[in-house]
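The values are calculated or read from the model by the stated rules, or taken from the named source; none is laboratory data. As the structure is a computational prediction, the values presented were derived from the model and not from experiment. Cβ placement follows ideal geometry from the backbone for every residue including glycine, while neighbour counts extend to all protein chains displayed. Ligands, DNA and RNA are excluded from the accessible area calculation, which covers all protein heavy atoms including side chains. Shrake-Rupley method; radii C 1.70, N 1.55, O 1.52, S 1.80 Å.
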Amino acid sequence: MKPQIFRSTTAWVLGWLWMAFAAFNAIDLALNGRIPSALVAGAVLAVLTAAVYIGCLRPGILPKEDGILVRNPLRNVFIPWKAVDNIHVSHAIIIDSGDDSIRCWTPQASARERAKATRRGTTVPATSGRYPTTHPELPKAEQAAARAFTGRTHADWVAQQLTETAARKSRLPGDRTPPTITWSPSALGVLAAALTLVIAALIAS
């Protein structure tokens with residue numbers, strides 16, 4: 001089974017829409033463009049595409065058998081389950097491990113999303129009063145679930161899933177090792193390709 005990746009669905013969808021748009025324009029430039037204008041347009045397209053890939057498509061949180069892989073725009077952080085001390089949410093998910101605090105790029109809890117989540121438990125339709133609603137009454141179980149999730153965003157839910165998994169995995173035998181931070185080869189490769197096109201466009205113009 002493919003491991004689940006926690007990420008922002010909106011950013012992921014918009015990122016792939018941009019990729020389709022960029023691919024269409026790249027083909028058009030290759031077939032109909034003229035040097036040097038095509039190179040300049042291609043360089044701009046490459047820089048924007050690199051930014052979208054790094055900021056929207058690459059980031060995510062990947063729970064694995066031996067730990068949590070945090071993919072931020074340019075770097076990967078791997079935290080073994082035994083090294084996870086605490087997971088909490090401010091505007092972003094933060095994983096504490098010893099003296100290190102790893103801030104995850106996605107998913108994030110914006111103020112708007114937090115406000116929407118706070119209102120979620122207060123929107124259970126009423127069936128009594130002077131002006132009763134025309135909406136059907138929710139079952140008690142659904143009402144309780146709505147109130148239980150009041151104020152909880154997608155980032156809060158992800159943090160809870162990671163916390164529960166860390167609590168379970170930390171009881172397994174093994175040594176505690178510190179987090180490891182490495183540069184992402186794919187992110188650096190995309191940036192290098194975009195920079196190469198920018199240099200080529202500058203030389204051609």
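Structure notes:
- Criterion violated by GLU65 - all others in (1) within 16 Å of the chain's Cα centre (by Cα); (2) modelled with pLDDT under 95 satisfied: (1)
- When the residues of the stretch 175-205 are filtered to those that are hydroxyl-bearing (Ser, Thr, Tyr) and in contact (Cβ under 8 Å) with a residue 12 or more places away in the chain, the one that is farthest from GLY67 (Cα to Cα) is SER205.
- Hits in the stretch 93-104 - residues which are of a type outside the set (Asp, Glu) and surrounded by 15 or more Cβ atoms within 10 Å (Cβ to Cβ): ILE93, ILE94, ILE95, SER97, ILE102, CYS104
- Some residue of the stretch 15-35 being open to solvent by less than 50 Å² (accessible area, probe 1.4 Å) and of a type in the set (Val, Ile, Thr): no
A quick yes/no check of all residues on (1) in contact with a Phe, Trp or Tyr (Cβ under 9 Å, 6 or more places away or on another chain); (2) without any contact (Cβ under 8 Å) to a residue 40 or more places away in the chain; (3) of a type in the set (Gly, Ala, Ser); (4) assigned to a loop (DSSP other than H, G, I, E, B):
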{"position": "GLN4", "(1), (2), (3), (4)": "no, no, no, yes"}
{"position": "LEU14", "(1), (2), (3), (4)": "no, no, no, no"}
{"position": "LEU17", "(1), (2), (3), (4)": "no, yes, no, no"}
{"position": "ARG34", "(1), (2), (3), (4)": "no, yes, no, yes"}
{"position": "VAL47", "(1), (2), (3), (4)": "no, no, no, no"}
{"position": "ALA50", "(1), (2), (3), (4)": "no, no, yes, no"}
{"position": "LEU62", "(1), (2), (3), (4)": "yes, no, no, no"}
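- Scanning the stretch 68-85 for residues that are touching a residue at least 24 places away in the same chain (Cβ under 8 Å) and part of a strand (DSSP E or B) yields ILE68, VAL70, ARG71, ARG75, ASN76, VAL77, PHE78, ILE79, PRO80.
- Filter result for PRO73 (on the phi < 0 side of the Ramachandran plot, surrounded by fewer than 20 Cβ atoms within 10 Å (Cβ to Cβ) and touching a strand residue (DSSP E or B) at 6+ places or on another chain (Cβ under 9 Å)): yes
- Within the stretch 143-162, tally of residues that are open to solvent by 60 Å² or more (accessible area, probe 1.4 Å) and modelled with pLDDT of 55 or more: 4
- Residue within the stretch 168-181 that is at pLDDT 55 or above, open to solvent by 70 Å² or more (accessible area, probe 1.4 Å), within 23 Å of the chain's Cα centre (by Cα) and not aromatic (Phe, Trp, Tyr) present: yes
- Within the stretch 56-66, considering residues that are touching a Ser or Thr at 6+ places or on another chain (Cβ under 9 Å) and open to solvent by less than 30 Å² (accessible area, probe 1.4 Å), the one nearest to SER186 (Cα to Cα): ARG58
- Hey, THR49 over 14 Å from the mean Cα position of the chain (by Cα) and open to solvent by less than 40 Å² (accessible area, probe 1.4 Å) or not: yes
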